[in-house]
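Beneath this line is the structure, given in structure tokens, with notes to follow.
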Amino acid sequence: MVNFVAMQKPLLHGLMKRAGIRLHTVEIEPGTVMNFWVPRETIRKPDKEAKNKDETLLVKPTKPAVVLIHGFAAEGIVTWQFQVGALTKKYAVYIPDLIFFGESVTDKSDRSPAFQAECLVKGLRKLGVEMCTVVGFSYGGMVSFKMAEMYPEMVRAMVISGSILAMTDSISGETLQRLGFSSSSELLLPTSVKGLKALQSVAMHRKIWFPDRFHKDYLEVMFTNRKERAELLEALVISNKDASIPNYSQRIHLLWGEKDQIFKLELALNMKEQLGENATLEGIEKAGHLTHLERPCVYNRCLKQFLASVHQSEASK
């Protein structure tokens, strides 16, 4: 039977190419590969006389780099499909598939956000990116925070949506109890149409109906590597006593759906206070956890305003 979600992938890939980005696979190290959607202008075809006919990358992008890091329920371009076209005119847009999403895999046993951040930075450096602004959503936001902490020279600024510094025991327990789920895997790795509908219900403010057939096809296409992703969720939770707030040097903009049920706006307010004077908070009305998909025009406008302010402040120095 035809999988309609799988059928839409070539269409989405075509739309991404029209927007100016191309798919490229990077070997991070032996046994670890990551897929990146990269700016078209950073790819050059080899000369006719070249022995290696594969496409090779230019050393570095010519525009300021922006890296869009996805959440847990979808790979990169599915998550950011409405943001790419709004950014590519002024920015070099990079969209990775984190390890065990899309075709990105590793034979290493490390499942921590720090390992994701390490692989991401190694991949970006191989793509010629020396500094970037990171936009992280949900799980991708936690990877973004870790990336900025571990590699401050790489991260110019951050935009974080629907995420937290780290998933502590207390936050995980309170969130799951409030939402009515027994575990993170039950919430984020649904195995049935009913489970996927439950995830959709808490992730979106607006109630949108999809046929059961679509949910079945989505489960088959988007929820691969289940064993490894369950391990990612286990590695995500840390003890309260191990939690700390790094001293970030970067500007951090918290761009939040005001009706986010998973990470409520109150969490963002508390996080802003913890992060100090470098952090700002902006709420988007009538939007939940998936604010970038529910209200993409508003989200894109807020995102572009922050990105412009970052580069204006740098230019004035």
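The values are calculated or read from the model by the stated rules, or taken from the named source; none is laboratory data. These numbers were taken from a predicted model, which means no experiment stands behind them. Glycine gets a Cβ as well: all are built from the backbone with ideal geometry, and neighbour counts include every protein chain shown. Surface areas here come from the heavy atoms of the whole protein model, side chains and all, with no ligands, DNA or RNA. Shrake-Rupley method; radii C 1.70, N 1.55, O 1.52, S 1.80 Å.
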- prompt: Could you list, in sequence order, the residues of region 268-301 that are within 20 Å of Tyr248 (Cβ to Cβ), open to solvent by less than 10 Å² (accessible area, probe 1.4 Å) and either in a helix (DSSP H, G or I) or in contact (Cβ under 8 Å) with a residue 60 or more places away in the chain (or both)?
  reply: Ala268, Met271
- prompt: Within region 232-247, is even one residue of a type in the set (Asp, Glu), farther than 19 Å from Val193 by Cα and open to solvent by 50 Å² or more (accessible area, probe 1.4 Å)?
  reply: yes
task: Taking the options Ser239, Ser309, Ser201, name whichever one is free of Cβ contacts under 8 Å to residues at least 60 places away in the same chain and within 24 Å of Gly173 (Cα to Cα).
output: Ser201
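Within region 96-137, take every residue that is of a type in the set (Val, Ile, Thr) and under 18 Å from Thr62 (Cβ atoms) and give me the one that is farthest from the chain's Cα centre (by Cα).
Restricting attention to region 96-137, the residues satisfying the condition of being of a type in the set (Val, Ile, Thr) are 99, 105-106, 121, 129, 133-135.
Narrowing the set further to residues that are under 18 Å from Thr62 (Cβ atoms) leaves 129, 133.
On the way: Val129: 17, Thr133: 12 Å.
Among those residues, the one meeting the criterion is Val129.
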Members of region 140-177 found to be assigned to a helix (DSSP H, G or I), within 16 Å of Trp256 (Cβ to Cβ) and within 13 Å of the chain's Cα centre (by Cα), listed by number: Gly140, Gly141, Met142, Ser144, Phe145
field: Selection from region 153-176 of residues that are at pLDDT 95 or above and in contact with a Pro (Cβ under 9 Å, 6 or more places away or on another chain)
entry: Arg156
message: Looking only at region 107-137, how many residues end up being open to solvent by 20 Å² or more (accessible area, probe 1.4 Å) and not in a helix (DSSP H, G or I)?
response: 8
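Restricting attention to region 81-96, which residues are hydrophobic (A, V, I, L, M, F, W, C) and either within 12 Å of Arg40 (Cα to Cα) or surrounded by 20 or more Cβ atoms within 10 Å (Cβ to Cβ) (or both)?
Passing the criteria: Val84, Leu87, Ala92, Val93, Ile95.
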field: Residue ID - nearest to Leu176 (Cα to Cα), chosen from residues in region 193-211 that are open to solvent by 50 Å² or more (accessible area, probe 1.4 Å) and in a loop (DSSP other than H, G, I, E, B)
entry: His205
Residue identified as open to solvent by 30 Å² or more (accessible area, probe 1.4 Å) and in contact with a Ser or Thr (Cβ under 9 Å, 6 or more places away or on another chain) among Ala166, Ala157, Ala148: Ala166
task: Quick one: Leu255 ticks every box in (1) free of Cβ contacts under 8 Å to residues at least 24 places away in the same chain; (2) closer than 28 Å to Gln8 by Cβ; (3) in contact with an Asp or Glu (Cβ under 6 Å, 6 or more places away or on another chain) except a single one, so which number is it?
output: (1)
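Pick from Ser244, Ser313: which is in a loop (DSSP other than H, G, I, E, B) and farther than 21 Å from Gly71 by Cβ? Step through it out loud before you land on a result.
Working: Ser313 fails: in a loop (DSSP other than H, G, I, E, B).
Within the list Ser244, Ser313, the selection yields Ser244.
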- request: Take region 128-158 and flag every residue that is charged (D, E, K, R) and under 25 Å from Ile43 (Cα atoms).
  value: Glu130, Glu153, Arg156
